[in-house]
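Down below is the structure, laid out as structure tokens.
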Amino acid sequence: MRPPLENMMTATDKPLPARKSIRLDGYDYTQHGAYSITICTEGRVALFGEIVDEVMTLNTVGCIVDDEWQKTPSIRPSVILDECVVMPNHVHAILFFIDDSNDSGRAHGCAPLQRPPTLQRPSRSLGSLIAGFKSATTSKINRLREMPGVKVWQRNYYERIIRNEDELIGLRQYINLNPQNWLRDNDFM
């Protein structure tokens, strides 16, 4: 019989803090709807360019991030992109998940796919979309910088479920004005 884990801890061992999810409890992030997301770099390091005269100027790494984001609908046909801005150390974007279940005979989220596993469509949740985006950009950025295994993104991301047209309009305005408001931004360092 094994002793309880807490009895095996030494003075330097501390239990890991319980991670609290920032996702809305009970919400199905695979359903169609509108979302606003913010993804920050690890340590909020400015990797993607700089703000010059209130305009975001992307560097090569920032262009990788922007290009990968723009590829999202071709990878996930159930996604429509809206406003997006790549800032020096974070990305703000609005996207829509649509119901593409009747799209040209393709399998929908509840039907089994009749393709080899390597050709299956990606999962249709917001979390899997962000994970895929982070993975693709990290791989390309680290290859460019010749720094394999270095973290580019923070562990999590922020999302907001957009509930109405007024909220959508306000978030679009916030994203579009983000470079102009950079010096007042909490993410500016």
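Nothing in this text is a laboratory measurement; each read-out follows from the coordinates by a stated rule. Note that the coordinates shown come from a computational prediction; the quantities given were computed from them, not determined experimentally. With ideal geometry, Cβ positions are generated from the backbone for all residues, glycine too; neighbour counts draw on all protein chains shown.
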**Message:** Using Cβ counts within 10 Å as a stand-in for footprinting exposure, how do 67, 99, 53 rank, fewest first?
**Reply:** 53, 99, 67
**Prompt:** Which ordering of 63, 40 is given by a fewest-first count of other beta-carbon atoms within 10 Å?
**Reply:** 63, 40
**Residues 35, 174, sorted so that the one with the fewest Cβ neighbours within 10 Å comes first** = 174, 35
